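What follows is a single structure, and I will ask about it in a moment.
Rule-based calculations on the coordinates, nothing more; no lab input. Since we're looking at a predicted model, the values are computed, not measured. Cβ: placed from backbone, ideal geometry, glycine included. Neighbour counts: every protein chain shown.
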Amino acid sequence: MPPLIYSLPQKLHAIELLGADHLLLVRFDKQFSEQPGEVFVRGLARDLGFIQSICVGANFVFGHKRSGDVALLKKLGLEAGFSVHGLAAVSLDGRTVSSTRIRETIRAASSTARVRCWAGLTRLPAA
């Protein structure tokens with residue numbers, strides 16, 4: 001498992017600052033990790049009731065062995081009545097900002113680059 005970029009309290013605080021209406025925390029264990037993407041989404045729609053929309057990155061994949069993608073999510077959204085938004089990647093200095101890039105930056109101990117990546121990702125002002 002890759003190292004955490006943010007601790008859970010830090011991540012929850014950042015999401016709160018973004019104004020999210022709801023947040024679902026799911027325990028990621030072996031049993032959960034083996035669910036096909038379609039099973040996961042159908043379970044969410046069944047257990048949560050009304051879902052208005054889901055926003056994910058344009059290259060988002062989910063489910064066991066990456067069995068789900070934005071196209072599947074949109075198909076399931078049509079069936080369950082929610083919209084899906086595949087958002088474009090955020091770039092900084094001509095390179096996509098990704099969790100892998102942020103982890104590499106952290107390992108390189110470049111706090112300025114780390115703050116710039118997070119500010120670009122979250123649209124929060126850099127500290």
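For Val56, Val84, which order do you get if you count the other beta carbons within 10 Å of each Cβ and list the fewest first?
Working: Val56 15, Val84 20.
Lowest to highest Cβ neighbour count: Val56, Val84.
Next question, about the same structure. How big is segment 1-94 by the Kirkwood estimate over distinct Cα pairs, in Å?
One decimal place: 15.0 Å for the Kirkwood radius.
Obtain the nm distance between the two label points defined at Ser67 and Arg107 by a simple spin-label model: each point lies 7 Å from its Cα along the Cα-to-C-beta direction.
The modelled label-to-label distance comes out at 3.1 nm.
Give the aspartates and glutamates reachable from Lys65 as a straight Cα distance under 15 Å; neighbours fewer than 8 places away on the same chain don't count.
Straight-distance partners of Lys65: Asp29, Glu34, Glu38.
In which sequence would Glu104, Glu79 go, from the one with the fewest C-beta neighbours within 10 Å to the one with the most? Don't skip to the end; give the middle numbers.
Details: Glu104 14, Glu79 11.
Going from sparsest to densest Cβ surroundings: Glu79, Glu104.
Dipole magnitude of segment 1-114 about its Cα centre, charges +1 at Lys/Arg Cβ and -1 at Asp/Glu Cβ only, in debye to the nearest 20?
Values: 14 positive and 10 negative charges, 69 e Å.
Roughly 340 debye for segment 1-114.
In whole angstrom, how far apart do the alpha carbon centroids of segment 28-75 and segment 6-22 sit?
Each part reduced to its Cα centre gives a spacing of 21 Å.
Among the chymotrypsin sites (Phe, Trp or Tyr not before Pro) within segment 39-98, which fall in a DSSP loop and have no more than 14 other Cβ atoms within 10 Å of their own Cβ? The partial results should precede the final answer.
On the way: sites: Phe40, Phe50, Phe60, Phe62, Phe82; in loops: Phe50, Phe60, Phe82.
Loop-located and lightly packed - Phe50.
Along the Cα→Cβ direction, 7 angstrom out, place labels at Glu38 and Ser91. What is the inter-label distance in nm?
Taking the two extended label points, one gets 3.6 nm.
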